[in-house]
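The values are calculated or read from the model by the stated rules, or taken from the named source; none is laboratory data. On a predicted model such as this, the values are computed, not experimentally measured, just so you know. Quick reminder, even Gly has a Cβ in these numbers, built from the backbone with ideal geometry, and neighbours come from all protein chains shown.
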Amino acid sequence: MNGPRGFDAHDGDDRDSRDGAYEGAQGAGPGDGVGSGAGSGPPGAGASGPDRSPRIPLPRASVEDSGLPLPDLTDLGDLAPVPLDLSHDVLKSLLGAWALAACSAAETTAVEEHLGSCGSCADEALRLREAVGLLHQPESLDLDPALRTRVLEGCLDRRPPRIPVPEWAAPYDAESARLDALLQDFGDAEWHAPVRLRWFEGDAATSRRTTVAGVIAHLLSVDGLVAVALGLEDPLAEIFEKTEKGETGKQGAAGPAGRTEAFWRASHFPPTRSVRGPWREQSHNIVRTASFTGSTADGLAVPYGDFELPLHNAMLDRAFECWVHAEDIAEAVDYPYEPPAPRHLNKMIDLAARMLPVALAERRRAGLSAPGQTPHLVPAGAPGRSLRLEIEGAAGGEWLIPLDSPAAVGSAEFEVAHVALDGVEFCRLAAGHVPPEEAAAGQVGDRGAIRDVLFAAAGLSRM
C-alpha cells in the first residue's frame with residue numbers, strides 16, 4: 001500500500017538508516033576521510049564494501065545550535081588571542097594604514113589603544129584621517145567662476161591696493177574676470193561651439209551666427225574703443241593700416257558692428273582660441289589704466305561711431321555686454337552662469353534706465369513710435385509725462401522715465417503708467433534676448449506709453 005506522497009512501506013527503514021548516517025557523521029573526527037573505509041558510527045555511515053559506495057558526511061552542526069554554553073575565552077589559556085605589544089615607532093608607522101582602514105584587527109586595536117595615551121600620534125592620526133577624507137570628495141571639482149573675484153575681495157579687504165579700482169570700473173573688472181574663468185578650461189570643441197548673437201533693429205529681432213572664439217573677438221574689438229580713449233593701443237590698428245580705403249575705411253568701421261566685422265574678415269576665420277590672450281591682456285590694461293586715471297576720467301568720452309558715452313558709462317556698458325555674451329557662451333556649452341553681483345547689476349540697470357529717454361526720442365524720429373504730447377512745450381528740466389519703471393529683486397529700485405522729451409525730468413505728479421520687471425529680465429530685454437511683448441511682469445496705465453518704453457529698451461541692444 002502506498003503511503004503519503006507516494007512513499008511505500010519500506011520508506012521508514014530507509015529514513016532510519018539515513019538518520020543513523022547523520023548521527024554517525026556528527027561523531028566523525030578530524031581523521032575520518034571520505035571513502036577511507038574507517039568509521040565508528042553505525043553501518044553505512046562511512047563504511048565501504050563491495051555492494052556499497054562511500055558516502056560523504058553531512059556538515060557538522062554549528063556550536064551555537066547545539067544548546068551547549070559557548071566557551072569562555074578567558075579560560076582558553078594559550079589559545080586566547082594575545083594583544084600586540086608594539087613599540088612607539090612601529091605604531092607610528094602604522095598610522096597611515098590605520099587612517100586608510102588597512103590594518104588587521106589586532107593592529108587596529110593596538111593603534112587605537114596607543115592613540116589614547118600619545119598626544120602627538122593622536123594629532124597625526126587626525127590629520128591623516130582628514131587627508132583621507134579629501135581623497136573622497138563627493139562634490140564637483142570644477143572651480144566656481146566667481147572664485148577669483150571672491151579671493152581678490154578677501155585680499156583687498158585685508159590690505160587695500162595703493163591704487164584701488166574705481167567704483168565705476170569695478171563691474172567691468174568683475175565681469176571680465178568671471179568670463180576669463182569660464183574660458184579657462186575650454187578645449188578646441190568648446191572654442192568652436194556655435195553661438196548666436198541676438199539683438200533688435202527697429203522692432204524686429206535679428207541675429208548673427210558665430211562661435212565662442214568669435215564672441216571673444218567681438219568683445220576684443222569693441223573693448224578696443226575704451227582702450228583707445230584711455231590712450232592704449234587699438235587692437236585693430238594693424239587691420240586699419242592695411243585697409244585699402246584708408247581713412248574712409250577706418251571711419252566706416254568705427255562703430256561696434258563695423259569693427260567686429262573688420263576683425264572677423266581680417267583674422268583667421270573662424271577665430272581660434274588664440275584670441276583669448278589679447279582679449280585678456282587688453283581687459284587687464286583697461287582696468288589698470290582706469291585705476292590710474294581715477295577722478296581725472298570725468299572729461300573722457302568713448303566714441304561708438306554715431307554716438308559717444310562718457311568713460312564711466314562706457315565701462316558699465318562694456319561690463320553689461322561682457323556678462324550678456326558670457327551667458328551666450330555658457331548656454332552654447334551647456335554650463336551654468338550666474339548674474340552679476342546685485343550692486344553691479346543695479347549700476348547696469350541704472351545706465352539703461354538713463355538711456356531710455358534718448359532711445360524713445362530716436363524711435364519717434366524713425367517713425368516707430370507715436371509723437372509725444374506737445375514735446376516742444378516741455379522746457380528743459382521741467383517735469384513731464386512719466387512712466388514708473390519698477391525693478392524687482394536685490395538689484396532693484398524705481399526710475400521715473402520722461403516720455404515726451406529727453407530734456408524733461410520724470411515726475412510722480414505726471415505719472416501715466418507703471419511697469420514692473422525682474423532685474424535680470426530687464427537686462428535681457430535691453431540686450432535684445434527677450435521680446436518686449438513678453439518682458440513685463442506687471443503693467444498699469446497708458447498701454448501706448450508702456451509699449452514704447454519696452455520697445456525702446458529692446459532698441460538699446462546691438463551686436
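The table below gives the values:
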| quantity | calculated |
| --- | --- |
| Qualifying residue in segment 436-459 (condition: of a type in the set (S, T, N, Q) and under 39 Å from the mean Cα position of the chain (by Cα)) | yes |
| Residue match in segment 210-227 (condition: surrounded by fewer than 19 Cβ atoms within 10 Å (Cβ to Cβ) and modelled with pLDDT of 90 or more) | no |
| Test: residue in segment 270-290 that is closer than 18 Å to W168 by Cα, surrounded by 18 or more Cβ atoms within 10 Å (Cβ to Cβ), modelled with pLDDT under 95 and in contact with a Pro (Cβ under 9 Å, 6 or more places away or on another chain) | yes |
| Test result for D203, touching a helix residue (DSSP H, G or I) at 6+ places or on another chain (Cβ under 8 Å), in the same structural domain as R259 (by TED's automatic domain parsing), of a type in the set (D, E, K, R) and within 30 Å of G367 (Cβ to Cβ) | yes |
| Elements of type strands (runs of 3 or more DSSP E) in segment 351-463, at least 2 residues being in contact (Cβ under 8 Å) with a residue 12 or more places away in the chain and in contact with a helix residue (DSSP H, G or I) (Cβ under 8 Å, 6 or more places away or on another chain) | 386-392, 397-402, 415-422 |
| Residues of segment 297-317 that turn out to be of a type in the set (A, V, I, L, M) and either free of Cβ contacts under 8 Å to residues at least 12 places away in the same chain or assigned by TED's automatic domain parsing to the domain that holds A359 (or both), as a count | 1 |
| Residue match in segment 161-173 (condition: of a type in the set (K, R) and closer than 24 Å to T296 by Cα) | yes |
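Matching residues to (1) under 19 Å from the mean Cα position of the chain (by Cα); (2) at pLDDT below 90; (3) surrounded by 10 or more Cβ atoms within 10 Å (Cβ to Cβ); (4) of a type outside the set (K, R):
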{"position": "D123", "(1), (2), (3), (4)": "no, no, yes, yes"}
{"position": "A131", "(1), (2), (3), (4)": "no, yes, yes, yes"}
{"position": "H136", "(1), (2), (3), (4)": "no, yes, no, yes"}
{"position": "L156", "(1), (2), (3), (4)": "no, yes, yes, yes"}
{"position": "P161", "(1), (2), (3), (4)": "no, yes, yes, yes"}
{"position": "P164", "(1), (2), (3), (4)": "no, yes, yes, yes"}
{"position": "Y172", "(1), (2), (3), (4)": "no, no, yes, yes"}
{"position": "E175", "(1), (2), (3), (4)": "yes, no, yes, yes"}
{"position": "L179", "(1), (2), (3), (4)": "yes, no, yes, yes"}
